[in-house]
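Asks: First, the structure itself, so that you have it in front of you.
Only the coordinates and a few stated rules stand behind these numbers; no lab work does. Since the model is a prediction, treat every value here as computed from it, not as a measurement. Ideal geometry is used to build each Cβ from the backbone, glycine not excepted, and the neighbour counts take in all protein chains shown.
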Ligand code: SF4
């Protein structure tokens, strides 16, 4: 397993106990029958490279965070950003139909309209 973790890890070297934590996660999930693993470690441990290595071992998955600053940090990271496709919150995208974001869009607030209706009417409008 050591060479696999070394190959999957996104950096050239490990910080602290990252290698041991990754091995422990893989053993728990793929050899010891656990369904979940919680990594409770302080800031600066390097949990993101650990998580990304675990996801690469699993072939795919989702890494979510409620922290916008962590999301921005990950999406701006020169090495880690190559390892995933980032998704943002709905308020961080501008809709191609309305020019607004979903959080502020009146259609999203309406119980009588839906995106599909708006999208269709815009497309019909474009075709005219
Ligand atoms: S709710 Fe629909 S129409 Fe409104 S901004 Fe979002 S995607 Fe666009």
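Asks: Measure nothing but the geometry: give the 0 to 90° angle between the long axis through the Cα atoms of 47-58 and the longest principal axis through the Cα atoms of the chain, rounded to 10°.
Replies: 90
Asks: On to the next question. Would you mind checking the tilt of helix 115-127 against the longest principal axis of the Cα atoms of the chain, expressed as 0 to 90 degrees and rounded to 10?
Replies: Approximately 60 degrees, to the nearest 10.
Asks: Say we join alpha carbon atoms closer than 10 Å with springs in a Gaussian network model of the chain; which of 85, 100, 112 then has the biggest fluctuation?
Replies: Comparing 85, 100, 112 in the GNM, the peak value goes to 112.
Asks: Which of 110, 67, 13 moves the most in a Gaussian network model of the chain with Cα springs under 10 Å?
Replies: Checking each option, the largest mean-square fluctuation is seen for 110.
Asks: Right, another one. Expressed as a rounded percentage, what relative contact order does the stretch 2-87 have, with Cα pairs under 8 Å and six or more residues apart?
Replies: Numbers: 53 pairs, mean separation 27.9, N = 86.
So the answer I get is 32 percent.
Asks: By how many degrees, between 0 and 90 and to the nearest 10, does the Cα long axis of helix 18-30 differ from the longest principal axis of the chain?
Replies: The helix 18-30 is inclined about 80 degrees to the chain.
Asks: Then there's this: For the chain, with a Gaussian network of springs between Cα atoms less than 10 Å apart, report the residue from 107, 22, 50 with the top mean-square fluctuation.
Replies: Taking springs between Cα atoms under 10 Å, the residue moving most is 107.
Asks: Next question, about the same structure. Based on DSSP H runs of at least 4 residues, each adding -39500 (n - 2.57), what is the mean residue ellipticity at 222 nm of the chain after dividing by all its residues, to the nearest 500 deg cm²/dmol? Walk me through the numbers on the way to the answer.
Replies: Working: 6 runs with 58 residues, N = 128.
-13000 deg cm²/dmol, from helical runs alone.
Asks: Neighbour counts of other C-beta atoms within 10 Å: give me 47, 68 arranged from fewest to most. All intermediate terms of the calculation are to be shown ahead of the outcome.
Replies: On the way: 47 17, 68 11.
Ascending number of Cβ neighbours within 10 Å: 68, 47.
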